[in-house]
1. To make sure I understand the rule: partners must be aspartates and glutamates, Cα under 16 Å from the Cα of LYS129, and not fewer than 8 residues away in the same chain. Which ones qualify?
2. In whole percent, how big is the carbon plus sulfur part of the accessible area of segment 44-156, probe 1.4 Å, protein atoms only?
3. Apply the a/c threshold of 1.5 to the C-alpha gyration tensor of segment 225-277 and tell me whether it is rounded, prolate or oblate.
4. Charges only on Cβ, +1 for Lys and Arg, -1 for Asp and Glu: so what's the dipole of segment 39-156 about the Cα centre, in debye to the nearest 20?
Amino acid sequence: MTTVAPGTHAAGQVTHKPRFTNLLKAEWTKIRSVRSTLWTLIIFIGVSIGLTALLTWLVVKNLSVGQHGSGATGLINDPVNFILGTGFGLGQLAICVLGVLVITSEYSSGTIRASVLSVPKRIPILVAKAVVFAALVFVIAEAVSFCDFFLGAAIAHTRDLASANPVFNAVLAHNPQIRNGRITVSLSQPNVTRAVIGSGLYLTVLSLFALAIGSLIRHTAGAIATVIGLVLVIFPLTNLLPSNWGAHTHAYMPTVAGVLITNDKTTSGQLLSAWQGFDVFCGWSALLLIIGGYLFYRRDA
């Protein structure tokens with residue numbers, strides 16, 4: 001009777017523990033091979049760039065003929081926030097959905113069992129998935145962010161607003177981002193570069209936030225509903241809480257704090273700086289990922 005040396009198969013083949021680089025390659029293969037990844041990213045790019053161009057053009061066109069409303073006021077008072085916010089407001093929903101699908105699609109298809117069998121410790125699987133997914137979203141989100149900014153800035157600069165809007169003349173005259181009646185924004189202006197880069201960073205952390213929720217719930221529909229409900233309903237509604245503790249509660253909500261890094265100007269009553277808010281968002285996402293990793297380790301696949 002022959003004995004098999006540790007770390008070898010009976011046929012004499014040596015087994016190795018999977019390296020982290022191999023896990024990264026495996027997760028990249030899984031992410032890019034799923035159709036939902038491609039289509040969700042296409043939706044994100046199309047919605048973000050399309051809405052930025054469309055809404056900026058409509059507001060500028062209305063302003064040029066003397067019509068104005070809340071959108072016009074936002075574009076004039078804070079053009080960078082308007083340009084970056086119009087597309088990302090809805091585009092972020094695609095990132096939320098994709099973040100959930102990256103993890104829950106493996107549970108629905110059963111492929112998570114194969115991953116667990118190949119890496120019994122499990123935690124490296126979630127870490128590799130988070131690293132690959134965050135890198136993917138970061139590259140695409142930054143590209144879309146700069147595209148939104150340059151496209152929106154170009155559209156906003158096309159028309160002379162002063163001659164058609166006497167109501168806004170006093171505002172236009174004292175706004176450094178409006179020159180000769182035209183909205184002029186550039187990366188060289190204070191905090192603008194940080195806001196553009198910060199938009200990509202915000203979406204990257206948002207993708208990890210959604211991934212963490214997906215790892216906790218493990219059910220696609222429930223996780224998507226939870227993430228969107230938190231981002232669009234629960235977190236914003238905390239602004240209605242009374243007194244000083246309500247204001248602080250609202251300020252420290254994940255996306256409420258994180259979105260501050262996408263603004264080039266400080267709003268009245270803002271309790272956190274841009275980078276402080278981003279740190280809070282990162283902290284929330286890291287905490288949820290740690291909890292998700294613990295449950296991933298403890299629960300059956």
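1. Partners within reach: GLU27, GLU106.
2. The computed percentage sits at 74.
3. Oblate is the answer for segment 225-277, as a/c is 1.5 or above yet b/c matches or exceeds a/b.
4. Details: 5 positive and 4 negative charges, 89 e Å.
In total the dipole reaches around 420 debye.
The values are calculated or read from the model by the stated rules, or taken from the named source; none is laboratory data. None of these values were measured; they are calculated from a predicted model. We place every Cβ from the backbone using ideal geometry, glycine too, and count neighbours over all the protein chains shown. Protein only, heavy atoms only, side chains kept; ligands, DNA and RNA dropped before computing areas. Shrake-Rupley method; radii C 1.70, N 1.55, O 1.52, S 1.80 Å.
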